[in-house]
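Read the figures in this text as sums done on the coordinates, not as results from a lab. This one's a predicted model, so the numbers in the text were calculated from it and none came from an experiment. FYI the Cβ positions are ideal-geometry reconstructions off the backbone, even for glycines, and counts take in every protein chain you see.
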Amino acid sequence: MKTARTKDEFVIATRITVRPENRRELFLTISALTERIRQEKGCRTFAFYGEVENQNSLILIGEWDTIGDWENHLNSKSFSVLLGSLKLLSNRSNLDFSILSHVTEIEAKVKSVLLTESDTANLSRRRELFPYE
């Protein structure tokens, strides 16, 4: 596992609610895939966690060196198997992907959309998204 942080590091979280009757099968599938995914180029770490209070609520956390590495992962066989398993075994209405860390390129795009100074709603929203500017 890599430890040094880079400005372009990309962290993604996937929240999953699995149907109780499929929990064991999903655990086995994800467990088998995690080591393969960790070997992909640019993967800093890929981990699978369960919620203590709700055994059917899980989270996958993946850290990638760059957005390009993550995009390559999205086109990999491992991701196809993972996504297929999630669609088949989880409660699809409770499957949520989130970006947890900023990526310079994406942040620049978002800022450019929100920079319209004549639109006060956008300026207000921009301050909410980037309070430390």
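When Asp69 is tested against (1) surrounded by fewer than 16 Cβ atoms within 10 Å (Cβ to Cβ); (2) charged (D, E, K, R); (3) not in a strand (DSSP E or B), only condition (1) is not met.
Within the range 33-61, if we keep just the residues that are in a strand (DSSP E or B) and touching a residue at least 40 places away in the same chain (Cβ under 8 Å), the residue that is farthest from the chain's Cα centre (by Cα) turns out to be Ser57.
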